[in-house]
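K.L.:
Sharing a structure below in structure tokens format, with a few things to ask.
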Amino acid sequence: MEIKSAEFVMSNSDVGKCPKEPIPEYAFIGRSNVGKSSLINMLTQRKGLAKTSGRPGKTQLINHFKINNNWFLVDLPGYGYARVSKSMKNTFQKFITQYFEKRQQLVSAFVLIDIRHEPQKIDLEFMQWMGEHQIPFSIIFTKADKLKPGAIQRHVKEYESKLLEDAWEEMPNYFITSSSNFTGRDQLLKYIEDINNS
Ligand code: GTP
Ligand code: MG
């Protein structure tokens, strides 16, 4: 898919106030600093469209971006960031869970996971929660530029074993990406395009 336009629409913390247009929507979620906002910039090839930072906790609201005038990409705050206060964490958690439970337009979520690390409990628990709430998602492994291909495959396999242990019947659909060198861009855009056209 060619990205002809990508524009910021709005930020808010209330799912009830998100854009009303009934067009397909895809949301990026994952730990703080995993690269959600960077991936939005990479996909749209617009540096600075979504705000990024080397310090975790940058994105703090639900951010809607309208792509090609006919679908939304949503940037969400990260989970698992230890340095925000407990009450902030609860607030984040609440509007993220409300977003996933209530957003009718959501076609699929993407759970972003930093490929460099061993399977993390918080990510496995989050995917479990998505499964229990029957929210469709794919996995996006990020920062693939940081590892050699062998290590990437090993880490994917480790996630697969953990998910099967957690009673998933199969490994969810997944992508390997890097916002630094555009790995995975074509595959991700094709995946979204195919769903939008189906
Ligand atoms: P929060 O908004 O805090 O939840 O973080 P986020 O998930 O949106 O992460 P963000 O996109 O702000 O990126 C965090 C850091 O990771 C930044 O320093 C990025 O430059 C870096 N980063 C993101 N993607 C990649 C990648 O593919 N490769 C490398 N090497 N660095 C990346
Ligand atoms: Mg962000």
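K.L.:
Kindly provide the set of residues from the range 134-150 that are in contact (Cβ under 8 Å) with a residue 12 or more places away in the chain and either over 17 Å from the mean Cα position of the chain (by Cα) or closer than 15 Å to I115 by Cβ (or both), ordered by number.
P.N.:
The answer is S138, I139, I140, F141, T142, K143, A144, D145, K146, L147.
K.L.:
Restricting attention to the range 162-196, which residues are free of Cβ contacts under 8 Å to residues at least 24 places away in the same chain and not in a loop (DSSP other than H, G, I, E, B)?
P.N.:
L164, E165, D186, Q187, D194 - these are the residues of the range 162-196 that are free of Cβ contacts under 8 Å to residues at least 24 places away in the same chain and not in a loop (DSSP other than H, G, I, E, B).
K.L.:
I need every pair where a residue in the range 47-71 that is within 22 Å of L106 (Cβ to Cβ) and near ligand 2 (Cβ under 9 Å from one of its atoms) has its Cβ under 9 Å from the Cβ of a residue that is outside any loop (DSSP other than H, G, I, E, B) and at pLDDT below 95, sequence separation at least 6 or different chains.
P.N.:
Q60/M88; Q60/F92; N63/N12
K.L.:
Kindly provide the set of residues from the range 157-179 that are surrounded by 14 or more Cβ atoms within 10 Å (Cβ to Cβ) and not hydrophobic (A, V, I, L, M, F, W, C), ordered by number.
P.N.:
Y159, E160, K162, P172, Y174, T177, S178, S179
K.L.:
Could you tell me which residue of the range 37-46 is farthest from the chain's Cα centre (by Cα), considering only residues that are in contact (Cβ under 8 Å) with a residue 40 or more places away in the chain and near ligand 1 (Cβ under 7 Å from one of its atoms)?
P.N.:
By that ranking, first place goes to S38.
K.L.:
Within the range 36-43, does at least one residue satisfy the condition of being more than 15 Å from ligand 2 (Cβ to nearest atom) and at pLDDT 95 or above? Break it down into steps so the answer makes sense when it comes.
P.N.:
Initially, the range 36-43 is screened for residues more than 15 Å from ligand 2 (Cβ to nearest atom), giving none.
No, the conditions are met nowhere in the range 36-43.
The values are calculated or read from the model by the stated rules, or taken from the named source; none is laboratory data. The shown structure was predicted, so the numbers you read here are calculated from the model rather than taken from an experiment. When we count neighbours, we look across all protein chains shown, and the Cβ atoms used for this are built from the backbone with ideal geometry, even at glycine.
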